[in-house]
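First up is the structure itself, then whatever we jot down about it.
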């Protein structure tokens, strides 16, 4: 079910190339709604050549809160982060990018392999 969208809806994207195989948008959007969060997750196919331009535009979008990163962009997206978790630093890769609330800069994390641990991306305080 598609939630009611408005000008206040917070946008999150999952970026990759290809991206048709991702199943996260429906589940994450549903989880947002269940938590009372006015947000959606939308798949966006971006080539490796276009990723720097995409990140540049994404950084300027005021209603874009986060980016889930899939193949082949995990290493390049880590480079776009102002700071990151120890996991991301260790691997030099990020599959989650979240805005820090204070300065709106990107914070990266790598959560591949943490499937059994709950990851809170809706109201993560940075």
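Of note:
- Between helix 24-34 and the chain: long-axis angle, C-alpha atoms, 0 to 90°, nearest 10: 50 degrees
- Helical contribution to [θ] at 222 nm, DSSP H n ≥ 4, -39,500 (n - 2.57), averaged over the chain, rounded to 500: -7000 deg cm²/dmol
- Ratio Rg/Rh, restricted to the chain and using Cα atoms, in which Rh is the Kirkwood radius: 0.93
- Here the label points at residue 91 and residue 35, each 7 Å from Cα along the C-beta direction, are separated by 2.0 nm in the simple model.
- Using the average count of surrounding beta-carbon atoms within 10 Å as a protection proxy, the listed peptides 91-99, 67-75 rank, highest first, as 91-99, 67-75.
- Computed from label points 7 Å out along Cα-Cβ, the spacing between residue 63 and residue 102 is 2.8 nm.
Read-outs: derived from the displayed coordinates by stated rules, not from any lab. Quick caveat, the model's predicted, so the values are computed rather than measured. Don't worry about glycine lacking a Cβ; one is built from the backbone with ideal geometry, like all the others, and counts go over all protein chains shown.
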